[in-house]
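Report on the following structure.
Quick note: the coordinates plus some simple rules give every number you see, no bench work behind them. Just so it is clear, the model here is predicted, and its values are computed rather than measured. Don't worry about glycine lacking a Cβ; one is built from the backbone with ideal geometry, like all the others, and counts go over all protein chains shown.
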There are 2 protein chains.
Amino acid sequence: MGIIVQKFGGTSVADAQKIHNVANAVIREKENGNDVIVVVSAMGHTTDHLIKLAKEVTPNPDSRELDMLLSTGEQVSIALLAMAIQSKGYKAVSMNGQQVGIITENIHSKARIVDIKTEKLKKFLNMGNIIVVAGFQGVTSEGEITTLGRGGSDTSAVAIAAALNADRCDIYTDVEGVYATDPRIVPNIQKTDIISYEEMLELARVGANVLHPRSVETAKQFNVPLRVRSSFKLDNMGTLIIGVDNMEIYKPVAGVAADSSQVRILLSNLPDIPGTAAKLFGALAKNNISVDMIIQSLARNGENSIAFTVAEEDLKAAVETIKNQNDINLTGEILTDEDIAKVSIVGAGMVDRPGIAADMFRALSEKNINIKMISTSEIKISCLVEKNNAKEAIKALCKEFGLESNEAAVVKGDLPDV
Amino acid sequence: MGIIVQKFGGTSVADAQKIHNVANAVIREKENGNDVIVVVSAMGHTTDHLIKLAKEVTPNPDSRELDMLLSTGEQVSIALLAMAIQSKGYKAVSMNGQQVGIITENIHSKARIVDIKTEKLKKFLNMGNIIVVAGFQGVTSEGEITTLGRGGSDTSAVAIAAALNADRCDIYTDVEGVYATDPRIVPNIQKTDIISYEEMLELARVGANVLHPRSVETAKQFNVPLRVRSSFKLDNMGTLIIGVDNMEIYKPVAGVAADSSQVRILLSNLPDIPGTAAKLFGALAKNNISVDMIIQSLARNGENSIAFTVAEEDLKAAVETIKNQNDINLTGEILTDEDIAKVSIVGAGMVDRPGIAADMFRALSEKNINIKMISTSEIKISCLVEKNNAKEAIKALCKEFGLESNEAAVVKGDLPDV
C-alpha cells in the first residue's frame with residue numbers, strides 16, 4: 001500500500017471512450033491497494049482551440065488572461081475523468097490547481113512550481129478518494145492562475161509525487177517506454193527497462209521527446225522514481241527512470257540520439273588574445289542565441305580558430321552578430337556548414353570506462369563516416385557528422401554498444417515494486 | 001463617479017465579434033467616469049456542449065463534478081472579454097468565482113450566495129481596472145466550486161452590486177426592456193420605463209421571462225437599482241427596476257400577464273369538516289405538486305366545494321393523489337378543466353385604488369369573456385378565462401389600463417442617474 005501518481009496526456013483523454021480507458025488504468029492501480037492521484041492534460045486539441053479563440057479576439061493576448069483561458073482545458077478533463085471513475089463504482093474527486101494549492105512563481109505562461117500544498121490532497125485521499133488533478137496549471141500566492149509551459153503536466157505529476165513522497169510517478173504515453181534510439185531508424189531496437197535521470201536528461205536534450213527535461217530534472221531533484229509506460233498496454237511496465245546511485249549494473253551506453261537541427265560556424269584567424277572567446281559568446285548570448293558544441297583549436301602563429309554550432313533558425317542572426325562585433329579583430333572568413341548532424345551516445349557507465357570514446361570513433365570510421373567535431377561531457381560523447389551519414393552512424397553505434405538486444409539491468413537498494 | 005455592475009448573457013458573448021461589442025459597451029460606461037465590473041455567462045451554447053460531453057461519459061454525472069465542468073464555460077468568456085477590453089487600450093482583469101470569493105452554500109448545481117468578498121474587487125478597481133467576473137459560479141468556504149442554477153449570472157451581478165454598494169446593476173438582454181405585456185399579443189405595447197421590484201416579481205411569476213425572480217428578489221433585498229436594457233441599442237435606457245418606495249407616481253397597473261400552462265381541478269361535495277383542505281393540500285405538497293389558485297366556496301348543506309389549479313404536467317399525479325387520500329370523505333366527482341388560461345394584472349398602485357378589480361371584470365365582460373375563477377393579492381388580480389379568450393383579454397386589459405401608451409413615471413428621492 002503506497003501512493004502512486006499517474007499522468008495521462010491530452011491524446012489519452014481525447015474523447016469519452018478514451019476517458020473510460022484511462023479510468024480503467026486508474027482503477028487498476030487503486031485495486032492494487034494503492035492511493036492514486038491522477039494528473040491529466042486538456043483533451044485532445046482543446047488547448048489549440050482555445051488559443052485560436054483568443055487570437056480571434058486579439059492577435060496579442062495578455063499572458064495573464066491566456067492562462068485564465070487555457071487552464072479551463074484541464075478543468076474539463078478532470079471533471080470528466082472523475083465522472084468516469086465514479087461511474088465504475090469508485091470514489092473520485094477532481095481538483096484544479098487553485099484547489100490543490102500548486103503554488104508557482106508570479107509569472108504567466110511558463111511559471112515554475114515553488115510549493116505544493118498537501119493538506120487537501122491528504123484529506124481527500126484519507127476519505128478513500130481517487131484524486132484527479134489538473135496538470136499544467138498552478139496559482140500564485142496571490143491567487144492568480146498560472147500555467148507551467150512546455151512539459152507542464154509531466155512536471156505537475158512529478159512535483160505532486162515529490163510533495164506526497166509517492167512511491168512512483170507513472171507517465172503514460174503513446175509509446176511503450178524509452179528506447180535507446182529512434183525505432184524508425186533502428187527497427188529492432190529494444191525498449192530500455194531502466195535508465196538513470198542523468199542519461200534520460202541527456203537523451204531528451206539531444207532529441208528524444210518522451211519526457212520534457214524539466215520533469216526529469218524535478219524527479220531527479222526529489223528522487224521520485226518515474227515510469228514511462230503505454231496507455232494502451234497496461235501490462236507493459238515501460239521504462240523505469242531512477243537515480244544512477246540506485247543502479248548496480250547498467251550498460252555503458254544507454255542510448256544513441258541524433259540532432260540534425262544545428263549548423264556549424266567556423267571562425268578562422270582569430271587573434272589569440274585573452275577575452276576573444278568571452279566577447280564572441282557574450283555577444284551571441286546577449287542576442288539570445290544558444291550555442292551548443294564549441295571547439296577552439298590550439299593557438300598557432302598567434303592565431304586561433306573557433307568552431308561552434310547553433311540552431312538552424314539562429315544562423316543568420318549569429319553571423320550578423322559576429323560581423324557587428326567590432327571589438328573582435330576578425331580577419332578571417334566566417335564559414336558556415338549546414339550539412340551536419342550531431343550523433344551522441346549517452347550513458348552513466350562511460351565515466352568508468354575510458355575506452356568508450358575510442359569504440360565510438362572506431363565504429364564510425366569502420367563505416368567510413370567522417371567526424372567533423374567532437375565534444376564530450378561526463379555521460380555523453382557527441383560527434384558531428386555529415387547529415388546523410390547520421391542514420392548509418394546511429395545503426396552502427398546501436399550495434400557497437402549492444403542496444404539492439406534488451407539485457408536486463410539490475411537495481412540495487414530499497415526501491416519500490418517495479 | 002460611481003460603481004456600475006453590468007451583466008451580459010451567453011448570446012451576447014457568442015463569438016469574437018460579439019465579445020468586442022460587449023467590450024465597447026463596457027468601455028462606454030468606464031468613459032462615463034464609472035468604475036465598471038462586468039459579469040458574463042458562458043459563450044453561446046458552451047454549457048449545452050459541456051453537458052453533452054458529461055452525458056457521453058456517464059448518464060448521471062455527479063453534481064460536484066458537473067459544477068467543476070460547467071464553471072469552465074464562464075472562465076473562457078471572462079478571459080476573452082478581458083482580452084478584448086485590453087485590445088482597445090483599457091486595463092482589465094478577469095476573475096473567476098474562486099478568485100473573487102463568491103461564497104455559496106455547500107450545495108451543487110443550485111447553490112445560493114451567502115457572501116461576496118470585496119477585498120480583491122476593490123484592490124483591482126483601485127488599480128484602474130475594469131473587472132470581468134464569471135457569473136453563475138461560486139465557491140464554498142471549503143473551496144469547492146459550485147454553480148448557482150437558473151438565473152445564476154443575473155444573481156451574481158446583482159449580488160456583486162449589493163456587496164459593493166454599486167450605483168446600478170445593468171442587465172443587458174436581447175430585448176429593449178420590460179414590457180407591460182407580451183409584444184407579440186399587443187404589438188403597440190410600450191416598453192415600461194420604470195417598474196417596482198414587487199411588480200417585476202409578479203410579472204416574472206406569471207410568465208414574463210426577462211429576469212429570473214431570484215435576481216429581482218436579491219435586488220429588492222439589498223435595494224440595488226436594476227436596469228434591463230438592450231445589448232444592441234446602447235442608447236436605449238431600457239427599464240429601471242427599483243423599490244416601490246422610491247416611486248412617487250406610477251400607473252395603477254404596471255403589466256398584464258397570461259399563463260396557459262395550468263389546469264383546474266374541481267372537487268364538489270366535500271365534507272365541511274375542519275382540516276379537509278389541510279389534508280388535501282398537504283397530500284399534494286407531499287407529492288411535490290404545486291398548487292396556484294385556490295377557491296373554496298361557502299359551505300352549504302354541510303358540504304363544500306374546492307377548486308384549484310396545478311401545472312398541466314402535474315394533473316395526472318394530482319388526481320391520483322386525491323383519489324388515494326382515504327382520510328378525506330370524497331363523495332362527489334373530481335372534475336378537471338384543461339381549457340383555461342390565467343390572465344393577471346399587476347400593479348403596486350392597486351393597493352390604494354379599490355376600483356381596479358371592478359374595472360378589470362367590466363373590461364372582460366364587455367368582451368363577453370367569462371371569468372371562471374378569481375384570485376387576488378396585494379398587487380395582483382388574476383382571472384381564469386377560457387384559453388381562446390386569453391389574447392383578447394390581454395388586449396382589452398392593456399387598453400383599459402392605458403398600457404398602450406408610455407406615460408412617463410416619476411421617481412422620487414435620491415436615485416442614481418437614470
Just going by the charge dipole of the protein assembly as shown, with Lys and Arg at +1 and Asp and Glu at -1 on Cβ, which of B:Leu335, B:Cys169, B:Ala283 is farthest out on the positive end? B:Leu335
Taking chain A as a Gaussian network, Cα atoms linked when under 10 Å apart, which of A:Asp193, A:Asp359, A:Asp259 shows the biggest mean-square fluctuation? A:Asp359
Cα centroid separation, region A:123-177 to region A:252-266 (Å): 32
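Longest exposed-loop-site-free stretch of chain A, with GluC sites (Glu not before Pro), DSSP loop and at most 15 other Cβ within 10 Å?
Values: sites that count: A:Glu105, A:Glu142, A:Glu333, A:Glu338, A:Glu378, A:Glu404, A:Glu407.
Value returned for the longest uninterrupted segment is A:143-332.
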Here the whole-number average of other chain Cβ atoms within 10 Å per Cβ of B:50-59 is 5
For the rotation taking B to A, I'd like to know which residue in chain B has the C-beta closest to the axis, plus that distance in Å. B:Thr72, 2
Other protein chain Cβ atoms within 10 Å, averaged over every residue that makes up B:61-74: 6
Would you mind telling me the antiparallel percentage of the DSSP bridges in chain B, rounded to 5? 65
Find every distance from the label point of A:Ala317 to the corresponding label point in the other copies (7 Å from Cα along Cα→Cβ) and write them in nm, one decimal, shortest first. 6.7
Can you pull out the trypsin sites (Lys or Arg not before Pro) in region B:1-109 that DSSP calls coil and that have at most 14 other Cβ atoms within 10 Å? B:Lys88, B:Lys91
Residues in region B:255-274, backbone N under 19 Å from the label point at B:Phe281 (7 Å along the Cα-to-beta-carbon vector): list them, ranges by number please. B:262-274
Which lysines have a Cα lying under 18 Å from the Cα of B:Lys91, excluding residues fewer than 8 positions away in the same chain? B:Lys30, B:Lys120, B:Lys122, B:Lys123
Put the label 7 Å from Cα along Cα→Cβ for B:Ile273; what are its distances to the other copies, in nanometres, shortest first? 11.8
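What share of the DSSP beta bridges in the protein assembly as shown is antiparallel, in percent to the nearest 5?
Working: 94 of 150 bridges.
Bridges in the protein assembly as shown are about 65 percent antiparallel.
At 222 nm, what value in deg cm²/dmol follows for the protein assembly as shown if DSSP H runs of at least 4 each add -39500 (n - 2.57) and the sum is divided by all its residues, to the nearest 500? Mind dumping the intermediate values first?
Working: 24 runs with 276 residues, N = 836.
About -10000 deg cm²/dmol.
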So which aspartates and glutamates can B:Lys191 reach, going by Cα to Cα under 12 Å and dropping same-chain residues fewer than 8 places off? B:Glu176, B:Asp182, B:Glu404, B:Glu407
Taking B:Lys110 as the anchor, which aspartates and glutamates have their alpha carbon closer than 18 Å to its alpha carbon, excluding any fewer than eight residues away along the same chain? B:Asp48, B:Asp62, B:Glu65, B:Asp67, B:Glu74, B:Glu142, B:Glu144, B:Asp154, B:Glu217
List, shortest first and in nm to one decimal, how far the label point of A:Val244 (7 Å from Cα along Cα→Cβ) is from its counterparts in the other copies. 8.4
Helix by helix, which DSSP H runs in chain B go 24 Å or more along their axis at the Cα atoms and have an average Kyte-Doolittle hydropathy of 0.5 or more? B:63-87
